Amino acid sequence: MSLYADYIFPVVLDVATKPLKPQRQQILAQAQGRVLEIGIGTGANLPFYSDKAQEIVGIEPELAMLKKAQSMVKKAPPHTQVKLAVGDAHHLEFTDNSFDTVIMCLVLCTIPSPLQALKEAYRVLKPNGELLFLEHVRSNLPWLSSCQNMLNPLWNHVACGCHLNRDTEATILEAGFEFKDIERYQHPKLVSVGGSIIQGVAIKK
């Protein structure tokens, strides 16, 4: 894409999301069986998987990011097979009902059509398969959501397509999932406009 998008922003993003490390560990430790991580980025999540994840398939649209992820494969659990590929979340090249777990971690804010991506995640999950998610979303606080709306155009440009004001909780439901567990909170160590978080587990029924 560009020097900024391929090399500078990924470093900024890794630093900016460090406060979410405990939450990422909590979510990713639940992954089991055959796992698809959509938007694996630089592979920053790979150290947080447990050996319950027998196979991890990571897709990412940007080749430069995927090359960085390759260097992180060695930090995955030793007996877990890891496969990385360039891929589009809107059109997953996998058969129906082929994964036990799908991971979406800080990606639904950026994917151009989050509903289409979630419908694809639903399709490739096995019945009763789990979507594990951790996302920053539109705040429920009127004053903060107004700030998000105001800042979103600038944020979207600087943060390579990231949106501050998406109602991701509603979109997950619209894609057909049911929530098994969901937690909503304002993260105290993130900038307020980007600190409205949802995390949890959604089920394919």
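Where a number appears in this text, it was derived from the coordinates with a stated rule and is not lab data. Every value quoted in this text rests on a predicted model; they were computed, and no experiment measured them. Note that each Cβ is placed from the backbone with ideal geometry, even for glycine, and that neighbours are counted across all protein chains shown.
Under 5 Å between amide hydrogens, which residues at least 5 positions from Val102 or on another chain qualify, with H placed 1.01 Å from N in the peptide plane?
Leu36, Glu130, Leu131, Leu132
Count the lysine pairs in the chain that are 8 or more places apart or on different chains: how many have C-alpha atoms under 13 angstrom apart?
Number of lysine pairs found: 10.
By counting other Cβ atoms within 10 Å of each Cβ, how are Cys147, Cys105 ranked from fewest to most?
Cys147, Cys105
Quick check on region 3-203: what does the Kirkwood estimate of hydrodynamic radius come out to from the alpha carbon pairs, in Å?
16.9
Which residue, Ser50, Ser113, Ser145, has the most motion in a Gaussian network model of the chain that connects Cα atoms within less than 10 Å?
Highest fluctuation of the listed residues: Ser113.
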